[in-house]
Amino acid sequence: MAFFLLLLIYVKTKERGNIMGKTINELKVGDKDHFEKTITETDVYLYAGITGDFNPVHINQIEAEKTMFKGRIAHGMLTAGLISTVLGTKLPGTGTIYLGQELKFTKPVRIGDTIKAEVEVIEIIPEKNRVKLKTTCTNQNGEVVLEGIATVLAPKE
């Protein structure tokens, strides 16, 4: 498995021409990128298994129907994890170090929802090599399901 992961990294690196994402000097306020994924039942079960969060609202339809959500929902942090995908692979990209994240969950994410995680550079602090990014996740209907601010260290030159 590790071999295939390394092979994938190598191939993606060759496609991009280098392994590092945008450095502090290459970033501009207003830069944006995104990642989109449809949340599956498998995603929810795998996340529950990895984290140990077996809250019935995520894994038990009968119990979840008794909640305010009237059915199963994805873990909030599963949705938030999609932001990490954008930061670590697209903007700023490979080599980015995630320092912090403020989050507000605004709507539930259900199995089958297609989530678009988007980041936008809102502040660059060159003397600390830090970048602040607005983070937003929307569903297939354009409804905001999560919003916040991420702080990262940009890749070094």
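The values are calculated or read from the model by the stated rules, or taken from the named source; none is laboratory data. The structure displayed is predicted, hence computed values, not measured ones. Note that each Cβ is placed from the backbone with ideal geometry, even for glycine, and that neighbours are counted across all protein chains shown.
Criterion applied to 57, 145, 119 was being of a type outside the set (Asp, Glu) and under 27 Å from residue 26 (Cβ atoms), and the one residue passing it is 119.
So for the stretch 79-93 (the condition being of a type in the set (D, E, K, R) and either touching a residue at least 60 places away in the same chain (Cβ under 8 Å) or buried (at least 17 other Cβ atoms within 10 Å of the Cβ) (or both)), does at least one residue qualify? Yes, the conditions are met somewhere in the stretch 79-93. Residues considered: 95, 76, 88, 100. Of these, the only one that is of a type outside the set (A, V, I, L, M) and under 12 Å from residue 39 (Cβ atoms) is 76. Among the residues of the stretch 125-141, those that are in contact with a strand residue (DSSP E or B) (Cβ under 9 Å, 6 or more places away or on another chain), exposed (fewer than 15 other Cβ atoms within 10 Å of the Cβ) and not in a strand (DSSP E or B) comprise 128, 140.
Contact map, the stretch 38-60: first residue free of Cβ contacts under 8 Å to residues at least 24 places away in the same chain, second residue buried (at least 16 other Cβ atoms within 10 Å of the Cβ) and in a helix (DSSP H, G or I), Cβ cut-off under 7 Å, separation 6 or more or different chains; pairs are 45/59; 54/48; 56/64; 57/64; 58/44; 58/48; 59/44; 59/48.
Out of 39, 19, 9, 50, I need the residue that is β-branched (Val, Ile, Thr), surrounded by 11 or more Cβ atoms within 10 Å (Cβ to Cβ) and modelled with pLDDT of 95 or more. Which one?
On the way: 19 fails: modelled with pLDDT of 95 or more; 9 fails: modelled with pLDDT of 95 or more; 50 fails: surrounded by 11 or more Cβ atoms within 10 Å (Cβ to Cβ).
Testing whether each residue is β-branched (Val, Ile, Thr), surrounded by 11 or more Cβ atoms within 10 Å (Cβ to Cβ) and modelled with pLDDT of 95 or more leaves just 39.
What about residue 148, is it surrounded by fewer than 15 Cβ atoms within 10 Å (Cβ to Cβ) and in a strand (DSSP E or B)?
no
Among the helices (runs of 4 or more DSSP H) confined to the stretch 31-121, the ones with at least 3 residues that are closer than 18 Å to residue 149 by Cβ and under 17 Å from the mean Cα position of the chain (by Cα) are located at 76-89.
Within the stretch 36-84, which residues are aromatic (Phe, Trp, Tyr) and closer than 28 Å to residue 132 by Cα? The one that is aromatic (Phe, Trp, Tyr) and closer than 28 Å to residue 132 by Cα: 47. Cβ-Cβ distances below 7 Å connect no pair with a first residue in the stretch 101-123 that is under 12 Å from residue 74 (Cα atoms), a second residue that is at pLDDT below 95 and not hydrophobic (A, V, I, L, M, F, W, C), and a separation of six or more residues or different chains.
Condition check: out of contact with any Cys (no Cβ under 6 Å at 6 or more places or on another chain) and free of Cβ contacts under 8 Å to residues at least 60 places away in the same chain. Does residue 129 satisfy that?
Criteria not met by residue 129.
May I ask you to verify whether residue 103 is in contact with a strand residue (DSSP E or B) (Cβ under 6 Å, 6 or more places away or on another chain) and of a type in the set (A, V, I, L, M)? Taking the combined requirement at face value, the residue satisfies it.
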